[in-house]
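Chemist: Just dropping this structure here.
Since every read-out is calculated from the coordinates, none of them should be taken as a lab result. Keep in mind the model is a prediction, meaning the values are calculated, not measured. Using ideal geometry, Cβ is built from the backbone for each residue, glycine included, and neighbour counts are taken over all protein chains shown.
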Amino acid sequence: MTVPSALTAPQLQFVWEAVHDRYARQAADVPVHAITFTKLTRPQRDALAGLLGRSRLPGPTVTVRIDQLDRRLLDSDAAMTARQVAELLCGPIVNRPAQRRAARQARERMWDELEQAADPRLAGWIHHLRVSGTGTRLAAAAGMAADQLVTEALAVAALLPADGIALARLAERATGDPHALDRGRQLRTLVLLAALHLTGEPMQIPPSLVTQRAVLATVGIYLDSLSTDVLVLGLRADGTGHVDRLLNHAADAGEPLRLTLRMLQGTPPSIRPTSQPLSVCENPSVVEAAAARLGGRSSPLVCTDGIPTTAVLRLLAGTRRTGAFVRVSADFDAAGVRITNLLAKHVSAIPWRYTADTYRQAIIAQADRQHVRLTGQIPDGLLDPQLATEMRRTRVAVYEEQQTDILLGDLRTD
């Protein structure tokens, strides 16, 4: 079919574009009855008037009935409908509602298949990516199909939790690309969300590198073995290796020592068994106070310095194998509860001045001070189920620094 030259005039192009767009926007089973043209220029009005067989049009806005336009065209040399003319001049008409519906159905099938293929532990993570739109948005940012990006993330998440593995090595093992989980890559964000899900934390994308490092550490991933470390005081070893000697020298001097993950990996220290509990705190200020006031008289103390890193977890797991039991303290806030929960899961830690009763006593002791209000959601606590209930009720934060005297009293060995 050929469109007569009279209908291909530039002044009529707007008509066929409008017809093409109107049919594309209309649902496939709903007929198009009319098209309204607005803001017509004088040349356009004259051209449309001629097409409709009128001497002139009343103004810049005109509504044209499709059946009348079709009759004019069918009775002319064109012998075709307005839709046929529009397709010949502007290309095939693709029904957009049907196209969107098909795309939506394809996405739903894709997510159904991903949920069915995923490890049951990851079902909640996949569901979050699906309903929040996070998976689709990140895939678009990466220039990938959502199923491709999520499938890659599944390959990584299936290896979690790991027993201490470098991020680049994990990326290479799961995807073949050691840079696949580099900072700024969308795959890294999905894996961070998977790590949060696996540890029972809210799936909110961590903004800072420090927070990301802490999240990855909870599932046994470290960025490198030198920037990941653990702070200790009074910890002794029975071996003769370099790290063993460092530990003993520092313990004798009553000085804190930072052990990198590298020190704990190659030839780990032989931690000396002790009948004393291995105490774990959250804040370095507690270690500093213990070193200043107790020095070599302090019983073994380990500091997580926030969320426990891979180095912290590896050291504590090693001490557990010697028969030591781990007791843990932290701030009475949401982060503190998460830290103690993590250590309860990983090393069967017990509470160290970290119970609902201790919390109540601390609030009473500080009755004459201005309290810091707790914000955010308080997770359920594994060490003392009543603690979270009490914290949600009072909404008061209590920090380790405010408990320093009590904690140091527990650490004193003489």
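Chemist: Using a cut-off of 13 Å between beta-carbons, work out the net charge of the residues near Asn248 (Lys and Arg +1, Asp and Glu -1, Asn248 not included).
Modeler: Result for the local shell: -1.
Chemist: Ala86: net charge of surrounding residues, Cβ under 15 Å, Lys/Arg +1, Asp/Glu -1, itself excluded?
Modeler: Taking every other residue near Ala86 into account, the sum is +1.
Chemist: Now a separate question. With an 8 Å Cα cut-off and a minimum separation of 6 or more residues, compute the relative contact order for segment 65-189 in percent. Don't skip to the end; give the middle numbers.
Modeler: Working: 81 pairs, mean separation 16.2, N = 125.
The value is 13 percent.
Chemist: Using 1/(1 + (r/R0)^6) with R0 = 22 angstrom and r between the beta carbons of Asn95 and Asp67, what's the FRET efficiency to the nearest 0.05?
Modeler: 0.65
Chemist: Compute the acute angle (0 to 90°) between the alpha-carbon long axis of helix 310-321 and the principal axis of greatest extent of the alpha-carbon atoms of the chain; round to the nearest 10°.
Modeler: With both axes taken from Cα atoms, the answer is about 40 degrees.
Chemist: Considering amide H positions built from the backbone, and no H for Pro or chain starts, which residues 5 or more places from Ile165, or on another chain, come under 5 Å of its amide H?
Modeler: It is Ile221, Tyr222, by chain and number.
Chemist: Mind checking the angle between helix 96-117 and the chain's longest principal axis? C-alpha axes, 0 to 90 degrees, to the nearest 10.
Modeler: 30
Chemist: Limiting things to C-alpha atoms, what are the Rg and the maximum Cα-Cα separation (Dmax) for segment 58-99, in angstroms?
Modeler: 12.8, 37
Chemist: I need the Kirkwood Rh of segment 229-411: take the reciprocal of the average 1/r across all distinct C-alpha pairs and report it in angstrom.
Modeler: Mean inverse Cα-Cα distance, inverted, gives 16.6 Å.
Chemist: Which residue, Glu288, Glu17, Glu390, has the most motion in a Gaussian network model of the chain that connects Cα atoms within less than 10 Å?
Modeler: Comparing Glu288, Glu17, Glu390 in a Gaussian network model of the chain, the most mobile one is Glu17.
Chemist: For the chain, set up a GNM with springs between Cα atoms under 10 Å and report which of Leu196, Leu316, Leu69 has the largest fluctuation.
Modeler: Leu69
Chemist: Rounded to a whole number of µm²/s, how large is the Stokes-Einstein D of segment 315-414 at 20 °C and 1.002 mPa s, given Rh as the Kirkwood radius over C-alpha pairs?
Modeler: It comes out at roughly 151 µm²/s.
Chemist: Tilt of helix 334-347 relative to the longest C-alpha principal axis of the chain, in degrees (0 to 90, nearest 10)?
Modeler: Once rounded, the angle reads 70 degrees.
Chemist: Hey, what number do you get for the chain at 222 nm if only DSSP H runs of n ≥ 4 count, each worth -39500 (n - 2.57), divided across all residues, to the nearest 500?
Modeler: Helix contribution divided over all residues of the chain: -15000 deg cm²/dmol.
Chemist: Next question, about the same structure. Taking amide H positions as placed in the peptide plane 1.01 Å from N, state which residues far from Arg353 in sequence (5 or more) or on other chains have amide H under 5 Å from it.
Modeler: none
Chemist: Over all directions, what mean area does the Cα convex hull of segment 109-222 project, stated in square nanometres?
Modeler: 6.3
Chemist: Still on this structure, I have one more. Could you tell me the extents of segment 1-152's C-alpha atoms along the three principal axes, largest first, rounded to whole Å?
Modeler: Ordered largest first, segment 1-152 gives principal extents of 73, 31, 25 Å.
Chemist: Where the only charges are on Cβ atoms (+1 Lys, Arg; -1 Asp, Glu), what is the dipole of the chain about its Cα centre, to the nearest 20 debye? Can you show the working numbers first?
Modeler: Working: 47 positive and 42 negative charges, 241 e Å.
The dipole magnitude comes to about 1160 debye.
Chemist: Sticking with this structure for a sec: Could you tell me which of Pro10, Thr136, Val280 has its Cα farthest along the dipole of the chain towards the positive end, charges placed at Cβ (Lys, Arg +1; Asp, Glu -1), taken about the Cα centre?
Modeler: Of the candidates, Pro10 comes out farthest on the positive side.
Chemist: Going by amide H atoms built from the backbone, whose H comes under 5 Å of the H on Thr322, apart from near neighbours?
Modeler: none
Chemist: In a GNM of the chain with a 10 Å cut-off on Cα contacts, which of Met391, Met80, Met203 has the highest mean-square fluctuation?
Modeler: Met80
Chemist: Oh, and also: What does the net charge come to around Thr189 if you take all other residues with beta carbon closer than 11 Å to its beta carbon, with K and R at +1 and D and E at -1? Walk me through the intermediate numbers first.
Modeler: Working: positive: Arg137, Arg183, Arg185, Arg188; negative: none.
My count for the surroundings of Thr189 gives +4.
Chemist: Dipole size in debye (nearest 20) for segment 5-94 around its Cα centre, Lys and Arg Cβ +1, Asp and Glu Cβ -1?
Modeler: That gives segment 5-94 a dipole magnitude of about 420 debye.
Chemist: With 19 Å as the cut-off, how large is the P(r) tail for segment 11-80, expressed as percent of Cα-Cα pairs?
Modeler: 32
Chemist: Please name whichever of Met110, Pro206, Pro60 sits farthest to the positive end of the charge dipole of the chain, dipole taken about the Cα centre and charges placed at Cβ: Lys and Arg +1, Asp and Glu -1.
Modeler: The Cα lying farthest towards the positive end belongs to Pro60.
Chemist: Let me ask something else about it. Based on a Kirkwood Rh over C-alpha pairs, give the Stokes-Einstein translational diffusion coefficient of segment 343-388 at 10 °C and viscosity 1.306 mPa s in µm²/s.
Modeler: It comes out at roughly 130 µm²/s.
Chemist: Something else now. Looking at the chain from every direction and averaging, what is the projected area of its Cα convex hull in nm²?
Modeler: Average projection, Cα convex hull of the chain: 30.9 nm².
Chemist: About the Cα centre of segment 1-48, what is the dipole size in debye to 20, counting +1 per Lys and Arg Cβ and -1 per Asp and Glu Cβ, all else neutral?
Modeler: For this selection, approximately 200 debye.
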